[in-house]
Amino acid sequence: MKAMKKLIRYLKPYLWYVILAPLFMCIEVVMDLFQPNIMQKMIDTGIANQDNGYVIKLGLLMLLCAIIGLIGGMGSSIYAAKSAVNFSTDIRRDVFRKIGQFSNQNIDSFGTGKLITITTNDITTLQQAVIMTLRIFVRGPLLFIGSVIIVWFTARELFPVLLVSIPVLIAFIYFFSMKSGKLYAKVQKAMDKVNTKLQETLAGIRVIKAFDRQEYEKENFNKVNRLLSNRLMSAEQLILTLMPIMMFVVNLGVVAGLWLGVIKVNEGTLQVGVILAFINYLNIMMNGLISSSHVLMQIARSFPSAERILLTLETKIDIAEPVQSFRKSELKGEVEFRQVNFSYSKNGNNVLRNISFTAESGKTIGIIGTTGSGKSTLVKLIPRLYDPDSGEILIDGINIKNYPLEHLRASIGFVPQKATLFSGTIEENVRFGKEYATSSELEQAVESAAASEFISRFDDKFAHSLMQGATNLSGGQKQRLSMSRAFIRRPTILVLDDSTSAIDALSESAVQHALRKSYKNTTVFIISSKISSIINADQILVMKDGEIEASGTHAELLEISETYQAIYATQSGKEVDHG
Ligand SMILES: Nc1ncnc2c1ncn2[C@@H]1O[C@H](COP(=O)(O)OP(=O)(O)O)[C@@H](O)[C@H]1O
Ligand SMILES: [Mg+2]
């Protein structure tokens, strides 16, 4: 409820549409309400006196009312749609923008499946609720109230029938609405499950196929899908039973109206047409009540959606911009970790413990260690994808929290462990690192990443299109483009997280050569499980269980670090001389 109130302000820019939609709806309702009244006059005055001219005149009046009503209805639809669609577009824009600012921690806590459901399903549900509120929620009550008023003034003799039947109708609607509200809450939960499962299956479809687990996944999906359909069925069935019950009550009202009406007609105090008009109004009242209750249910259904949208919009971004920012025109790229501790969750165990080291500007730092020892986590702290729990990280002697985020990140070329490319051309993907790079910068970046050879083998070269997830490239090709994207920035600090794992030895040494030659002033972090990738580094950090076990050059580590010796032994094929 509160969430809805806060989101309503998104309708403010479209206030005119929000006012016009119900106004047009009023026109339609008034015209609808006129019809039985005109018909009654037609019968009681026109047909009773066999006055054909009068009948035709009233017939034309009815037609005119219908046309005006139609215009009202159309106007109302158009303006309701305009306000609701603009409303949801604006919310979607803001939600998307907000998710863009999310830190990794924020994204982890929502999960991508839920974020997709929020930006699609939830916003659509809300949009639907707005449209229905602006149209039906005006129409239903107006039809009801209008009919009651007209019956009071034109058929007061029959009013007692309403005094009995209306409370009964309202009681039934109330009872059914309450019940169906609960059922629809369950439907929503089942819908969430289906969406999450669907998202997960689509994302992992290749793995599912590779492991031949389609049947298993199909059964899993069927389970949640059946749950959804069962719950939907119960909810719909409930609504379906409401209709005959309502009809029954209305028909009782019709019988009572006829019975009472005939007595009054015989007494000479009522005309026949009034009875027919009354029956019409009784039906209109019922429809008005039912449609109002439908809208109420739809609104109730949109509350959880509104809450989730607001939760997204009001999430606190935990990687904050500095209060007092420090901007340096040119960074040198000296990186220092001072007693850094980090854990992914507040009460989880520390993934990084007491990390301290200094990477001098322009030097190459190798990081090696077993899987899960915290290598990727360590480098993720440099562009502030996560912030340390304690300790500090400094670039050129200044805490990175004091640099504006975009300034900090613009100075860093980051090649993540998992090469993520986007659908689009190769050129677009590389230029992602620097939009207005010159073509020679482009050429040089792909050359350094040993990518120019495979690109030149495509008929359309740089214009070659990548599919979603770059599934039409090999793992090594993806890695090379991912590196080109970082190289093109000519970053002050370059992070290569295991980015040559799928590349042949020859290409890798070409990359290393290019790094030494063309990126001399860049501070480079190379994470690798292969000693050959880091053997020439100025300093190598050996990670173990979240700690730096030893650091030094290759030669020094061979002397002092047993872990390093062990890795070297398995990779060089010969035992290290401990002598
Ligand atoms: N997003 C995350 N949320 C929670 N735990 C994580 C996350 N990413 C990594 N970890 C955990 O942190 C530890 C270090 O991971 P990582 O830095 O990726 O290791 P490495 O790169 O050395 O293989 C592992 O135990 C891993 O399970
Ligand atoms: Mg890693």
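The values are calculated or read from the model by the stated rules, or taken from the named source; none is laboratory data. Keep in mind the model is a prediction, meaning the values are calculated, not measured. Here the Cβ positions follow ideal geometry from the backbone for every residue, glycine too, while neighbour counts run over all protein chains shown. Areas reflect the complete protein model, heavy atoms only, side chains present, ligands, DNA and RNA absent. Shrake-Rupley method; radii C 1.70, N 1.55, O 1.52, S 1.80 Å.
If we keep just the residues of the range 163-185 that are open to solvent by 90 Å² or more (accessible area, probe 1.4 Å) and at pLDDT below 85, which is farthest from T241 (Cα to Cα)? Full working, then the answer.
To start, the set of residues in the range 163-185 that are open to solvent by 90 Å² or more (accessible area, probe 1.4 Å) comprises 163-164, 174-175, 178-179, 182.
Then keep just the ones that are at pLDDT below 85; that gives 178-179, 182.
On the way: M178: 14, K179: 12, K182: 16 Å.
Taking the candidates together, the pick is K182.
How many residues does the range 408-466 contain that are small (G, A, S) and assigned to a loop (DSSP other than H, G, I, E, B)? Lay out the reasoning, then the answer.
Initial filter on the range 408-466 (small (G, A, S)): 410-411, 413, 419, 423-424, 433, 437, 439-440, 445, 448-452, 456, 463, 465.
Going one step further and asking which of them are assigned to a loop (DSSP other than H, G, I, E, B), we end up with 411, 419, 423, 433, 437, 449-451.
Counting residues in the range 408-466 that are small (G, A, S) and assigned to a loop (DSSP other than H, G, I, E, B) gives 8.
Is it the case that some residue within the range 419-437 is within 30 Å of I567 (Cβ to Cβ) and more than 16 Å from ligand 2 (Cβ to nearest atom)? Among the residues of the range 419-437, not one is within 30 Å of I567 (Cβ to Cβ) and more than 16 Å from ligand 2 (Cβ to nearest atom), which makes the answer no. The number of residues in the range 457-486 being surrounded by fewer than 20 Cβ atoms within 10 Å (Cβ to Cβ) and touching a Ser or Thr at 6+ places or on another chain (Cβ under 7 Å) comes to 6. Close contacts from the range 108-137, counting a first residue that is within 16 Å of ligand 2 (Cβ to nearest atom) and a second that is β-branched (V, I, T) and open to solvent by less than 30 Å² (accessible area, probe 1.4 Å), with Cβ to Cβ under 8 Å and a gap of 6+ residues or different chains, come to none at all.
Residues considered: T420, T377, T370, T438. Of these, the only one that is closer than 26 Å to S484 by Cβ, surrounded by fewer than 16 Cβ atoms within 10 Å (Cβ to Cβ) and within 16 Å of ligand 1 (Cβ to nearest atom) is T420. Of all residue pairs spaced 6 or more apart or on separate chains, those with beta-carbon atoms under 8 Å, a first member in the range 361-376 that is more than 24 Å from H513 (Cα to Cα) and a second member that is part of a loop (DSSP other than H, G, I, E, B) and open to solvent by less than 50 Å² (accessible area, probe 1.4 Å) are S373/G546; G374/V351; G374/G546.
Quick check on my filter: what residues within the range 497-518 are among the polar types (S, T, N, Q), within 16 Å of ligand 2 (Cβ to nearest atom) and open to solvent by 20 Å² or more (accessible area, probe 1.4 Å)?
Initially, the range 497-518 is screened for residues among the polar types (S, T, N, Q), giving 499-501, 507, 509, 512, 518.
So of that shortlist, the ones also within 16 Å of ligand 2 (Cβ to nearest atom) come out as 499-501.
Correct list: S501 only.
One residue alone among I8, I67 is assigned to a helix (DSSP H, G or I) and within 27 Å of M285 (Cα to Cα), and that residue is I67.
Close contacts from the range 409-428, counting a first residue that is of a type outside the set (A, V, I, L, M, F, W, C) and a second that is within 14 Å of ligand 2 (Cβ to nearest atom), with Cβ to Cβ under 6 Å and a gap of 6+ residues or different chains, come to P416/D497; Q417/S376; Q417/D497; Q417/D498. Here I309 fulfils each of the conditions (1) away from ligand 2 (no atom under 16 Å from the Cβ); (2) within 32 Å of the chain's Cα centre (by Cα); (3) surrounded by fewer than 18 Cβ atoms within 10 Å (Cβ to Cβ) apart from (3).
When restricted to residues that are within 10 Å of ligand 1 (Cβ to nearest atom) and touching an Asp or Glu at 6+ places or on another chain (Cβ under 9 Å), the range 346-366 contains 2.
For V295, the stated conditions do not hold, so it cannot be described as modelled with pLDDT under 90 and open to solvent by 50 Å² or more (accessible area, probe 1.4 Å). Of the residues in the range 139-146, at least one is among the β-branched types (V, I, T) and closer than 23 Å to A300 by Cβ.
Scan the range 519-547 for residues that are assigned to a loop (DSSP other than H, G, I, E, B), within 16 Å of ligand 2 (Cβ to nearest atom) and modelled with pLDDT of 90 or more and jot them down. S528, D545, G546, listed by residue number.
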